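S.K.: The structure follows.
The values are calculated or read from the model by the stated rules, or taken from the named source; none is laboratory data. From a predicted model like this one, the values you see are computed outputs, not experimental measurements. Positions of Cβ are backbone-derived with ideal geometry, glycine not excepted, and every protein chain shown enters the neighbour counts. Ligands, DNA and RNA are stripped out before the accessible areas are found, and what is left, the full protein with its side chains, is counted by its heavy atoms. Shrake-Rupley method; radii C 1.70, N 1.55, O 1.52, S 1.80 Å.
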Amino acid sequence: MTARIESALAHIGSIEDLAALDTPIHRLDPRAKLVTTLALLVAVASFGRYEVTRLLPLALYPIVLAALGDVPAGPILARLALASPFAILVGIFNPLIDRAPLAALGPVVVTGGWLSFASILVRFGLSLGTALLLVATTGFDAVCAALARLGLPRALVIQLLFVYRYLFVLSDDAARMIRAHGLRAPLGRRPGLRVAGSMLGQLLLRTLARAQRIHAAMLCRGFDGVFRLRRPLRLGARDVAFAVGWCGWFALVRAVDLPQLLGAVLGRLG
Amino acid sequence: MSHHLVSAEDLCFAYADGTPALQGVTFTIHHGESVGLVGANGAGKSTLLLHLAGVLFPVSGHVRVGDWPVTSATLPRVRRSLGMIFQDPDDQLFMPTVGDDVAFGPLNLDLPPEEVEARVGEALERVGAAHLRGRPSHRLSGGEKRSITIASVLSMSPDILVLDEPSASLDPAARRRLIALLRSFEHTKIVASHDLDLVLEVCARTIVLHEGRVAADGPTAGIFADDALLARAHLERPLRLQGCPRCGSAAAR
């Protein structure tokens, strides 16, 4: 279990490393990428529950982002795979519950349940994939700075930054505890409920003690309750064009059934 | 400015559960001095340092830093002239990148952005870490983290540096670099450490704390030669002052 936690965190770190690259996508203002990503999430959520094919043109955005931003598919797909059980669990019972036939692919009848299950998976892939690409091409701290500039309350932004910063420290603490338990537990048994409870309590106490030390360190460097982030953000014409252009594409995909249109055009040509 | 840069007078402090931590600590540290603070675990070293930075306040007695008594009203001034470097770098490096961490203090002083950038550059240059500026703080090595914690305090241009166990968990090469760096500073320095060899190299004067009291205060060489005192304070001679274990020859001086 320890190794799994550690490797999962190493993966987060490796995605963050990509943010240091210098590509046209990386140079865009974080706000432009953040707004476009949020617009994509809204577009994804706005489709009906049985829509699958109409969602697919939205994938153009993450694909372009990854291609122009030099983001390798490997780490992103690995993250998606790790989180996929959640999406599968949400939709796996749909095919059993919703058995009304909705479409036919040749001799195969597709029920509503299978369609909605597929829709959930596509939505999950689009949303999480795009969010991961946002972090990979922008960096978590720049995303937070963009959130602050877009009006998210400072306190919330600081919380996000601190959670991200100390996620690694906290998980190291937890991993060490689990390892120490494993070394003294016979037959490598997992911690029982009682032991796990006291370990969690320990972790909480350690976290509180650390929070006090961090606060003391902040006070020593003149912290007076106001958090001053320095991230000069400059929104240029390119950034605005990027956001407006993509939002236009999302609106078009939402308004017009592009895959059907494409099929009709191809059919006529054929 | 006063030449008595840091002084404590009859300092007493007890933790909330009633455990006494400091019981009448008195000393005066003059401008430009390097002072080692040594003592057993629980002798009160860290507690004393927290009083100097005004993180803790004494039950009775006074602390003065520069021209000011340390009270809640003078804290901004005190913290401007006294830079505190904590034992665990992870407690001190809380910002997303190294540059942000070093800029944190100057930004709190409300300096203009160009001045902040200049100070960040200077401080990182001073500790030989200019190349780490854009890196995330949490993914540095132990030695790099230590350098950045020092830079994050130097950027506020303090007169006094207070370090709590600066060499803890450093590898020998990083520790050696730290010693060279500390020796190159002209600031008044107060170094609490179990690393007595480091104290011997960096500090001309040493204060020994034992059970919340000053057990001795004087030139480092004299204190580390007093075996009875060291034993009483749960300490021992620095390795450099011990005889050679293989040939039995006398220690280097």
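S.K.: Among A:V90, A:V108, A:V163, which is open to solvent by 30 Å² or more (accessible area, probe 1.4 Å), under 23 Å from A:S46 (Cβ atoms), of a type in the set (V, I, T) and at pLDDT below 90?
M.R.: A:V90
S.K.: How many residues, within the stretch B:120-143, are of a type outside the set (K, R) and not in a helix (DSSP H, G or I)?
M.R.: 7
S.K.: Same structure, new question: What's the number of the only condition in (1) loosely packed, with under 14 Cβ neighbours inside 10 Å; (2) modelled with pLDDT of 85 or more; (3) more than 14 Å from chain B (Cβ to nearest Cβ) that A:W246 fails to meet?
M.R.: (1)
S.K.: Let me ask another. Going by what's in this entry, would A:V163 be described as among the β-branched types (V, I, T) and touching an Asp or Glu at 6+ places or on another chain (Cβ under 6 Å)?
M.R.: In short, no.
S.K.: Select the helices (runs of 4 or more DSSP H) contained entirely in the stretch A:88-205, then report the ones holding at least 2 residues which are within 26 Å of A:L65 (Cα to Cα).
M.R.: A:112-138, A:140-149, A:154-184
S.K.: In the stretch B:86-101, which residues are of a type in the set (D, E) and over 12 Å from B:R135 (Cβ atoms)?
M.R.: If the condition is that a residue be of a type in the set (D, E) and over 12 Å from B:R135 (Cβ atoms), then B:D88, B:D90, B:D91 are the ones that fit.
S.K.: Being of a type in the set (A, V, I, L, M), at pLDDT 90 or above and open to solvent by 40 Å² or more (accessible area, probe 1.4 Å), is that true of even one residue in the stretch B:67-84?
M.R.: Yes: one or more hits.
S.K.: Which members of the stretch B:142-157 meet the condition of being closer than 19 Å to B:A168 by Cβ, more than 8 Å from chain A (Cβ to nearest Cβ) and either touching a helix residue (DSSP H, G or I) at 6+ places or on another chain (Cβ under 6 Å) or not aliphatic (A, V, I, L, M) (or both)?
M.R.: Passing the criteria: B:G142, B:G143, B:E144, B:K145, B:R146, B:S147, B:I148, B:T149, B:A151.
S.K.: Still on this model: Restricting the search to the stretch B:106-141, which residues are touching a residue at least 24 places away in the same chain (Cβ under 8 Å), within 13 Å of another protein chain (Cβ to nearest Cβ) and open to solvent by 50 Å² or more (accessible area, probe 1.4 Å)?
M.R.: Scanning the stretch B:106-141 gives B:R133, B:G134, B:R135.
S.K.: Being out of contact with any strand residue (DSSP E or B) (no Cβ under 9 Å at 6 or more places or on another chain), more than 15 Å from A:R210 (Cα to Cα) and more than 8 Å from chain A (Cβ to nearest Cβ) is the filter here, so list the residues in the stretch B:80-105 that pass it.
M.R.: Scanning the stretch B:80-105 gives B:G99, B:D101, B:V102.
S.K.: Something else about it: I'd like the full set of residues that are within 24 Å of A:P24 (Cβ to Cβ) and either in a loop (DSSP other than H, G, I, E, B) or hydroxyl-bearing (S, T, Y) (or both), limited to the stretch A:231-270.
M.R.: Listed by number, the residues that qualify are A:R231, A:P232, A:L233, A:R234, A:L235, A:G236.
S.K.: Would you pick out the residues in the stretch A:208-234 that are β-branched (V, I, T) and modelled with pLDDT of 90 or more?
M.R.: Within the stretch A:208-234, just A:I214 meets the criteria.
S.K.: Working carefully through the options A:A118, A:A78, find the one that is out of contact with any helix residue (DSSP H, G or I) (no Cβ under 7 Å at 6 or more places or on another chain), of a type in the set (G, A, S), open to solvent by less than 70 Å² (accessible area, probe 1.4 Å) and at pLDDT 85 or above.
M.R.: A:A118
Residues checked against (1) part of a loop (DSSP other than H, G, I, E, B); (2) modelled with pLDDT of 95 or more:
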| site | (1), (2) |
| --- | --- |
| B:V208 | no, yes |
| B:A216 | no, yes |
| B:A225 | yes, no |
| B:R237 | yes, no |
| B:R240 | no, no |
| B:C244 | yes, no |
| B:A250 | yes, no |
| B:R253 | yes, no |
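S.K.: Being open to solvent by 70 Å² or more (accessible area, probe 1.4 Å) and within 14 Å of chain B (Cβ to nearest Cβ) is the filter; apply it to the stretch A:191-233 and report the residue that is nearest to B:L50 (Cα to Cα).
M.R.: If we take residues in the stretch A:191-233 being open to solvent by 70 Å² or more (accessible area, probe 1.4 Å) and within 14 Å of chain B (Cβ to nearest Cβ), then A:R213 is nearest to B:L50 (Cα to Cα).
S.K.: Out of A:A237, A:A255, A:A251, report the one residue that is modelled with pLDDT of 90 or more, more than 14 Å from chain B (Cβ to nearest Cβ), open to solvent by less than 80 Å² (accessible area, probe 1.4 Å) and under 29 Å from the mean Cα position of the chain (by Cα).
M.R.: Residue meeting the stated conditions: A:A251.
S.K.: Answer yes or no: is there a residue in the stretch B:55-69 that is within 12 Å of chain A (Cβ to nearest Cβ) and among the small types (G, A, S).
M.R.: So far as the stretch B:55-69 goes, no, none of its residues is within 12 Å of chain A (Cβ to nearest Cβ) and among the small types (G, A, S).
S.K.: When you look at B:F57, is it open to solvent by 50 Å² or more (accessible area, probe 1.4 Å), of a type outside the set (A, V, I, L, M) and closer than 29 Å to A:F162 by Cβ, yes or no?
M.R.: yes
S.K.: Go through the stretch A:238-263 and give me each residue that's of a type in the set (A, V, I, L, M) and more than 24 Å from A:E51 (Cα to Cα).
M.R.: A:V240, A:A241, A:A243, A:V244
S.K.: Could you please let me know if A:G182 is away from chain B (no Cβ under 14 Å), surrounded by 13 or more Cβ atoms within 10 Å (Cβ to Cβ), more than 31 Å from the chain's Cα centre (by Cα) and not polar (S, T, N, Q)?
M.R.: yes
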